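Student: Structure incoming, see below.
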Amino acid sequence: MKYSQLLAPTLREDPADAEVISHKLLLRAGYIRRVTSGVYNYLPLGLRVLRNIEAIIRQEMNHAGAQELLMPAVQPGDLWQKSGRWEKYGPELLRFKDRHDHESCLGPTHEEVICDLVARELRSYKQLPMNLYQIQSKFRDEIRPRFGLMRGREFIMKDAYSFHADQQSLNAEYQNMFDTYKRIFTRLGLKFRPVEADNGSIGGSASHEFHVLAESGEDLITHCSACDYAANIERAQSRRATPAGSDSELTEVNTPNVTSAEDVAAFLGADIALLVKTLVYRIEGGPHDGQCVAACVRGDDALQEIKLTRAVQATALQMASDADISDIGGITGFIGPRALSSLVIFDESLRQADGLIAGANKVDTHVTGLNVSRDIRDAQFADLRQTREADGCPRCDGTMSYSRGIEVGHVFELGTVYSEPMEVIFQDQQGKRSVASMGCYGIGVSRLIAAIVEQCNDADGIAWPAHLAPFQVVIISMGKSDACMDVCEKLYHELKQADIETLWDERKERPGVKFKDAELMGLPIQIIIGDRGLENGVVEIRERGRDKQEVAQEAVLSSVRNLLDRE
RNA sequence: CGGGGCAUAGCGCAGCCUGGUAGCGCAUCUGGUUUGGGACCAGAGGGUCGGGUGUUCGAAUCACCCUGCCCCGACCA
């Protein structure tokens, strides 16, 4: 490609609305342009990188025995009615009607469509297992798209769906995909970590996320210093020492105007861990839709909302208003678990606890000596607390620490959550009708572009791993003589012949401009050809970020090959 | 959804407080000089000042409404 014909509008300054480094650099280097909130054009450079990433994913997926197909972006509402998600899926699902007034939506994911397809074609267990994948644009009407390609509304995803006759087969494929993902992210040159994850609204049982470790990551993950336990904070567990309270009578104490856990502990001279914080939420969705739930955690713990959401099978939670709280018999500031009319759930750490302090649901009053199993009838427990840095590992003696991560992959065991309502049924070995169990496996392909740039950049711009770069080589013409241009052109054709993706910067620009652009774009190898060197029959080759070296004119191709092979 | 901020040329910004018909840098075009790390000189093009309503002799500037975008929060009993 000749530079003068390439649409790669580079920007000298950071765009005002870009926050993270990948967003800034992808805009500045001419890889992407915004169309509307969370929706981007991939310019030629961006598309080339996307294709390079896709190629690796395809290779590994195919190698793992999956087969590629392509499903539609527009999906009929009927299928979503059938799976039950037309109601369950929130406003992220962009719905519309076509000219015939048929309910439709833009696919945020493709379980319904794949199940519909497979249900029609699947007859015998002999056809199983099978793993079908596609690389497709998805649309999710995110509340808050941000950080460029990191969280878009329209984005490109590789999603795979496997179908199985039995659990054992599903387990095997889950492991197969887990290993495949590790290979893919390793080949992409990423620092990543698989972590145990919450299943979210998609349902199912086992699930792991693959996170690229980066400061700008939107997720918080916690991992053990000693073993390989790692989990998303949304479901992470940990060991912590809880102080033993002493067994005592339930007693009301006067706590005038003292409301926060810190203040109550200080006021009563008690360990804050003996406080019970009671947080009230209004439940949206699920069997308790519209009701309130009171969640109790220790005074020094924070509630992990996702855990609570799961515990009450909700789709979302909203902090309760003061009015909601008084409706269930509580008083803001002095709320406690006793005698509330709502659902009350305690964190597991309160199960065997004595001498706790909680709000008394009376103005200016708390109770001491609370023992949950003694004083609360039919108490319900769940893991609700958020782990804290330096907690103990739940699996070994190690300690837990936090990192930020960008979720680039997710593998799920779905079981029959979708195949059952979608009637993905086959005849098993015994001749009986049986529901296929499923796994699903996603990779955020466009998000990967951002994640890679987050890890591969320096003061001059992007620094692509050579095999992902839009061009492996850029020829920078320095001289203005015809002879120099002839040499450049000849080399350009040679490299192209050799299947090396080459950009020839033949613009009438000053050298500095060409260097800056090449480095901003992150092209790994520069070949610098000027009149001065040509007098001695040499050209310069420089790997991005390294010192240049002189090479005889005839040896350029082999030198470039060597550099690329070393990758 | 809640809170904050922004919207002026392709990009980055000033002008607004104190109303008088729009400016700077980069980019673009023309000519010239330059040419090993984002050149210089001279000239030129490009803006319904996000949209609407109002106040006023007069609105980028003041008021109200709308739209779009960015950031923060979604831990508080």
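The values are calculated or read from the model by the stated rules, or taken from the named source; none is laboratory data. Keep in mind it's a predicted model, so treat the numbers as computed, not measured. Here Cβ is always computed from backbone atoms with ideal geometry, including for glycine, and neighbour counts include all displayed protein chains.
Student: Tell me which residues, restricted to segment A:397-414, are of a type in the set (D, E, K, R) and in a strand (DSSP E or B).
Tutor: Selection gives A:ARG404, A:GLU407, A:GLU413.
Student: Still on this model: So which strands (runs of 3 or more DSSP E) are wholly in segment A:91-201 and hold at least 3 residues that are polar (S, T, N, Q)?
Tutor: Answer list for segment A:91-201: A:130-139.
Student: Give me the pairs, please: first residue somewhere in segment A:505-516 and under 16 Å from A:VAL473 (Cα atoms), second residue anywhere and among the basic types (Lys, Arg), beta-carbon distance under 6 Å, and either six or more positions apart or on two chains.
Tutor: Matching pairs, first to second residue: A:ASP505/A:LYS514; A:GLU506/A:LYS2.
Student: Something else: Provide a single number: the residues in segment A:205-264 that are more than 24 Å from A:GLY392 (Cα to Cα), away from RNA strand B (no atom under 14 Å from the Cβ) and either among the acidic types (Asp, Glu) or surrounded by 21 or more Cβ atoms within 10 Å (Cβ to Cβ) (or both).
Tutor: 3
Student: Taking segment A:32-44 as the search range and keeping residues that are more than 20 Å from A:GLY217 (Cβ to Cβ), within 9 Å of RNA strand B (Cβ to nearest atom) and not polar (S, T, N, Q), which one is surrounded by the fewest Cβ atoms within 10 Å (Cβ to Cβ)?
Tutor: This residue is A:VAL39.
Student: Okay, next question. State whether one or more residues within segment A:45-54 are surrounded by 13 or more Cβ atoms within 10 Å (Cβ to Cβ) and within 16 Å of RNA strand B (Cβ to nearest atom).
Tutor: yes
Student: Answer yes if at least one residue in segment A:421-438 is in the same structural domain as A:MET61 (by TED's automatic domain parsing), in contact with a helix residue (DSSP H, G or I) (Cβ under 9 Å, 6 or more places away or on another chain) and under 21 Å from A:GLU196 (Cβ atoms), and no otherwise.
Tutor: Checked segment A:421-438: at least one residue is in the same structural domain as A:MET61 (by TED's automatic domain parsing), in contact with a helix residue (DSSP H, G or I) (Cβ under 9 Å, 6 or more places away or on another chain) and under 21 Å from A:GLU196 (Cβ atoms).
Student: Going by what's in this entry, would A:ALA29 be described as within 12 Å of RNA strand B (Cβ to nearest atom) and surrounded by 14 or more Cβ atoms within 10 Å (Cβ to Cβ)?
Tutor: yes
Student: Condition test on A:SER104, is it over 24 Å from the mean Cα position of the chain (by Cα), among the hydroxyl-bearing types (Ser, Thr, Tyr) and at pLDDT 95 or above?
Tutor: For A:SER104, the condition - over 24 Å from the mean Cα position of the chain (by Cα), among the hydroxyl-bearing types (Ser, Thr, Tyr) and at pLDDT 95 or above - is not met.
Student: Name the single residue that is nearest to A:GLY522 (Cα to Cα) among those in segment A:6-18 being of a type in the set (Asp, Glu) and exposed (fewer than 13 other Cβ atoms within 10 Å of the Cβ).
Tutor: Among them, the one singled out is A:GLU13.
Student: Okay, next question. Looking only at helices (runs of 4 or more DSSP H) that fall completely inside segment A:226-344, which ones have 1 or more residues that are over 26 Å from the mean Cα position of the chain (by Cα) and at pLDDT 85 or above?
Tutor: Filter on segment A:226-344 gives A:261-268, A:322-327.
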